[in-house]
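Report on the following structure.
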There are 2 protein chains.
Amino acid sequence: MKKPKKEKNEDDFAPALIAASRAMVAAGMAELIACGFDSMTPALVSLMPLLDKDGVRPTALSQQARVTKQAIGQLVRELEARVYVEQLPDSTDTRAKIVRLTKRGVVLQAACAKARRKLQSVAIAKLGKSKVLRLQQDLIELAVLLEKTRTR
Amino acid sequence: MKKPKKEKNEDDFAPALIAASRAMVAAGMAELIACGFDSMTPALVSLMPLLDKDGVRPTALSQQARVTKQAIGQLVRELEARVYVEQLPDSTDTRAKIVRLTKRGVVLQAACAKARRKLQSVAIAKLGKSKVLRLQQDLIELAVLLEKTRTR
DNA sequence: CTCCGATAGTAAAGGTTCTTGACTATGTAG
DNA sequence: CTACATAGTCAAGAACCTTTACTATCGGAG
């Protein structure tokens, strides 16, 4: 008998993290829908903070979002179909494109930022501001660390 | 000009949480593959801590995992195809099934637990034990809170 | 200038995870 | 016995992302 008494927690860190992440995504989407933005998906929303009225390269997006260029290509097409972004040729490089927020897109981006802030304020109300900010910083460090550790 | 200076962070809590969660999943899968368990997927792995040598009801799994019964049904079928679980009729209820770990499944479960513990130890090495445990608790509270808040 | 490797992007196909909607069969309370 | 809830299933499809393979352009070495 390795564990005669059940030791409550033990190694439930990863499950907790994943559950919190999912809950966060669901809450964020609900928030956004409540603001009138239906037809959005989590992946599309996740791109909004990376976009810009001045335009960004798809490749830059793919690096920041840590997904393939193809994945970004698909998401950008979806955003374009919903008229939240437009794609233009990059005048400095014939191969490249520039993805730029439309006016509609700027409005959406603001709504996304507002939703994120609201969720953060919910967390702060529960856990306290300093704790949440520390938590945020710890999560970032943890993500960086885990990517390095990746048992290569 | 609402924000003349860029205030570094602001509302990056949700993105940080999601990124950390993804990194955790990726690291966990890499760990498991390194232990010789290929052919697993994140969703299947996430079910392992909920399973049991004595057997559990699919419905119970679906409640704990917070997904539909159909989703559990699919995942259990996959685990069964890989011979990590077997399904038996529940003698106390003709409608119900019992999902039970096979010997192979018990071994896998142990490997999953080990991988989770390893990742947790990585986090502890970076952030400190008390901090990680507090983080874990905070994440659980946060998830509960967010599910209640869901802007109904 | 030409050639070549690196970079930007695209196309197609498929894997994984999960949901909705519709349905069957059994249990249970009144 | 009827009525409703519960256990589980099937089918279809949405969402997200990857791999493989490809085209076109860029930019430097010679």
Worksheet item: Can you tell me the Rg and Dmax of chain B, counting just the alpha carbons, in angstroms?
Response: 19.1, 69
Discussion item. 7 Å along Cα→Cβ for the label point: how many nanometres lie between A:D93 and each equivalent label in the other copies, listed shortest first?
Written reply: 5.9
Discussion item. Can you give me the distance in nm between label points at B:K131 and A:S91, each placed 7 Å from the Cα along the Cα-to-Cβ direction?
Written reply: 4.8 nm
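Using the heavy atoms of the protein chains alone and a 1.4 angstrom probe, what is the accessible area of segment A:56-150 per residue in square angstrom?
Working: 5440 Å² over 95 residues.
On a per-residue basis, segment A:56-150 sits at 57 Å².
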Item to complete: Report B:V83's accessible area, 1.4 Å probe, all protein chains in place, as a number in Å² to the nearest 10.
Response: 80 Å²
Practice prompt. Using +1 at the Cβ of each Lys and Arg and -1 at the Cβ of each Asp and Glu in the protein assembly as shown, identify which of A:L145, B:L127, A:L17 lies farthest towards the dipole's positive end.
Written response: B:L127
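What Kirkwood radius, in Å to one decimal, follows from the Cα pairs of segment B:76-117? Mind showing how you got there, number by number?
Numbers: mean 1/r = 0.0898 Å⁻¹.
The Cα-based Kirkwood calculation yields 11.1 Å.
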Item to complete: Would you calculate, for chain B, the mean residue ellipticity at 222 nm contributed by helices, counting each DSSP H stretch of 4 or more residues as -39,500 (n - 2.57) and dividing by all residues, to the nearest 500?
Response: -20500 deg cm²/dmol
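Return the value, in Å² to the nearest 100, of accessible area buried between chains B and A (probe 1.4 Å, both sides summed). Walk me through the numbers before you get to the answer.
Numbers: alone 11360 and 11340 Å², together 17910 Å².
Separately minus together, B and A give about 4800 Å² buried.
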Discussion item. Under 20 °C and 1.002 mPa s, how fast does segment A:48-96 diffuse according to Stokes-Einstein, given a Kirkwood radius computed over C-alpha pairs? Answer in µm²/s, whole number.
Written reply: 191 µm²/s
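Counting partner chain Cβ atoms within 10 Å of every residue's Cβ in B:129-135, what's the average?
Details: counts 0, 0, 3, 3, 2, 4, 10.
Shielding by partners across B:129-135 averages 3.
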Worksheet item: What nm distances, shortest first, do you get from the label point of A:K53 to those in the other copies when the point sits 7 angstrom along Cα to Cβ?
Response: 6.5
Worksheet item: Can you name the residue in chain A whose Cβ lies closest to the A-to-B rotation axis, and give that gap in whole Å?
Response: A:S21, 2
Worksheet entry | Exam field: A:Q70 pseudo-label spacings to other copies (7 Å along Cα-Cβ), nanometres | 2.7
Practice prompt. Counting other Cβ atoms within 10 Å, keep those with at most 13, restrict to DSSP loop, and tell me which trypsin sites (Lys or Arg not before Pro) in segment B:72-123 are left.
Written response: B:R95
Worksheet item: What does the protein assembly as shown give for Rg and for Dmax, in Å, if only its C-alpha atoms count?
Response: 21.5, 72
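Roughly how many percent of the accessible protein surface of chain A is carbon and sulfur, given a 1.4 Å probe and a whole-percent answer? Don't skip to the answer; put the middle values down first.
Working: 4810 of 8940 Å².
Solvent-exposed carbon and sulfur of chain A make up 54 percent of the total.
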Worksheet, complete the sentence: Once amide hydrogens are built 1.01 Å from N within the peptide plane, the residues lying 5 or more places from B:T102 or on another chain with amide H under 5 Å from its amide H are B:V85, B:E86
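The values are calculated or read from the model by the stated rules, or taken from the named source; none is laboratory data. Predicted, not measured: the structure shown is a model, and the values here were computed from it. Note that each Cβ is placed from the backbone with ideal geometry, even for glycine, and that neighbours are counted across all protein chains shown. For the accessible areas, the whole protein counts, side chains as well, though only heavy atoms, and no ligand, DNA or RNA atoms are used. Shrake-Rupley method; radii C 1.70, N 1.55, O 1.52, S 1.80 Å.
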